[in-house]
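The structure that follows is given in the form of structure tokens.
Each value in this text was obtained by applying a stated rule to the coordinates, not by laboratory testing. The model shown is predicted, which means the values in this text are computed figures rather than measured ones. Virtual Cβ from ideal backbone geometry, glycine too; neighbours counted across all protein chains shown.
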Amino acid sequence: MSIDQTWKVGTLADASGLTVRTLHHWDQIGLLSPSRRTAAGHREYTEQDVIRLYQVLALRRLGLGLESIATCLDVGVDPVRLVSEHLATVEASLAALESLRQRLAHIHGELAADRAPEVSALIGALRTMGGAGPESARALGRHLDGDQLRALADRAAGLGPAAHYLLEVEWPELYRRAEAMRAEGVAPTSPRVRKLVARMDELSSLFTGGDDGLSTAVRSAWRHEPAALSGDPTAPADAWHDLTTYLDHARRQSPSEERS
């Protein structure tokens, strides 16, 4: 690869599978800015920009949000460690998917034979996806019926390896940030809070498919059993209630915005 080689935004978008709009957005927020501009002001990406793009995409695959990625890259990333972690994550995902495939094949066989699969099989599928440990799985089972558990499992299965990272990495981090802002006294109408809520709702739609009944049931589980669902045995119900009230206030005040 020539040191002087550059890529226009459209060419880089095609090569990376991203959209031009996404690259423009990443430029605007300072995540990935082209090192050069033509005399006419058009973006030109250099080899170093392409390397940073790979790092951004790899960290996204590991489940980090854009703000976390920017912080990580700004403090410096060891490319060998990054690729090693990416490889380890892919291998772990393949193993988890194979286990999930076997469980879903069993559930499918039961349904095809017009037999209702045992709830334990559905819970096992959720656990295999990394979205529910033993305690959280039991908590979901107390608030969701069999159809809702199946719908949740199907939606998560459709997301593939991303389901694990969204549930285990990004979603908990979003709630930690929200609680920190609430504790700091940041108004729920703040653009920072509204942006965070928009991403939470986007993740919720990914797993519930926009099913209001399923969303309500999952929220009920979180409201009544935050310790089990969050994986934090010290999570007090009153603190969770305060946080959900805070987030609901942000939703009521927030117009429909483009989500990142």
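Sorted by average packing, counted as other Cβ atoms within 10 angstrom per residue and highest first, what order do 149-159, 30-40, 44-54 take?
Details: 149-159: 19.0, 30-40: 12.8, 44-54: 16.5.
Descending packing order for the listed peptides: 149-159, 44-54, 30-40.
Please report the equivalent ellipsoid semi-axes of the stretch 7-74, computed as sqrt(5 x eigenvalue) of the Cα gyration tensor, largest first, in whole Å.
20, 12, 10
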